[in-house]
1. Whole-Hz Karplus ³J(HN,Hα) for the range 139-152, in order, using 6.51 cos²θ - 1.76 cosθ + 1.60 and θ = phi - 60°, x for Gly and Pro?
2. How far apart, in nm, are the 7 Å Cα→Cβ label points at Asp163 and Glu77?
3. Between Asp200 and Val128, what's the calculated FRET efficiency when r is the beta-carbon distance and R0 is 30 Å? Round to 0.05.
4. With label points built 7 Å along Cα→Cβ from the Cα atoms of Glu224 and Ser281, find their separation and express it in nm.
5. Based on the Cβ-Cβ distance of Asp55 and Glu152, what FRET efficiency does E = 1/(1 + (r/R0)^6) give at R0 = 35 Å, to the nearest 0.05?
6. Just to verify a number: FRET efficiency for Gln86 and Asp12, C-beta to C-beta distance, R0 = 22 Å, to 0.05?
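Computed from the coordinates by the stated procedures, all read-outs in this text should not be read as laboratory data. As the structure is a prediction and not an experimental result, all values here were calculated from the model. As a convention, Cβ positions derive from the backbone with ideal geometry for all residues, glycine included, and neighbour counts pool all protein chains shown.
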Amino acid sequence: MERIVVGIDGSDPAAAALAWVVRLARLTGARIEAVTAAAEMPLAGPFAEWNLGEDAIELGLEAQKHTLDEVEHDDVELDSFIQQGQPAAVLLGAAKDADLLVIGTHGHGAIESALLGSIGRQVATHAVCPTMLVATDPGRLQRMVVGVDGSEEALHALRWAVDLARAVGATIEVVTAYHYTPVGMGSPWVPPVPMTTQHDMQAVAADVLDDAVERADAADVVVERTVAEGSAAMRLRDRAADADLLVVGSRGHGGFAGLLLGSVSRKCLVHPTAPVVVIPSH
């Protein structure tokens with residue numbers, strides 16, 4: 001990891017995001033670019049327009065200085081700049097060639113409430129680099145949880161997590177979920193199908209997990225393996241409750257029935273139990 005972009009706007013979540021980035025930079029030697037969008041939306045509603053004038057620039061500079069003053073960063077390489085434009089567009093443009101884009105999940109002002117359904121969703125959906133959404137200050141970076149489902153996208157997410165774990169000395173818990181619903185009784189509309197046992201589904205899920213770990217070349221990283229029955233999003237959030245990072249692919253299949261924003265990854269982001277990294281499919 002060489003270059004990390006972080007959006008800052010003077011809010012507490014922005015300070016938390018910056019604190020995470022500084023911690024990563026100390027562990028990996030990455031260079032930080034702190035970006036503030038000089039834009040404000042003084043009026044709500046469908047006719048609101050972004051104000052890109054001098055007032056927005058002045059407010060953006062004040063917000064940027066406030067966040068930078070909040071977090072000690074003298075021991076890392078950090079450049080800051082401000083750019084006119086809508087926050088999501090500014091952040092996506094700045095992170096075009098970055099290794100990671102980090103934003104707070106409840107921002108305001110220049111980064112205008114980076115909640116899912118707003119800037120957070122736009123950034124996580126359209127970023128060409130991994131995106132981390134942060135809600136709280138970091139305490140450590142020792143344990144990560146990664147969801148896999150047999151898709152190439154999930155494998156890509158696991159490989160990203162393995163590379164980071166190797167760089168910072170963290171452990172990884174790889175989770176595969178399956179949903180067991182007894183079938184075979186049939187109905188007037190659905191013909192009977194052969195009964196699949198829960199043991200069969202658990203075995204298939206375990207094979208999916210083992211294959212992902214083997215293909216991720218994680219031999220030099222401590223990896224725990226968990227096969228869980230139930231909702232993929234719920235199981236991931238449960239396992240990440242005492243983790244430092246949750247990593248998911250932007251889309252997938254199988255147990256994680258479509259890791260799209262709007263499905264499992266979106267659910268993980270809406271009520272995160274840990275900072276969440278979304279790895280783009282490409």
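1. x, 6, 9, 10, 9, 10, 10, 10, x, 10, 9, x, 7, 5
2. Each label point lies 7 Å from its Cα, and together they span 1.8 nm.
3. Efficiency computed from Cβ-Cβ geometry: 0.15.
4. Those two pseudo-labels are separated by 3.1 nm.
5. Efficiency, from the Cβ-Cβ distance: 0.15.
6. So the FRET efficiency works out to roughly 0.50.
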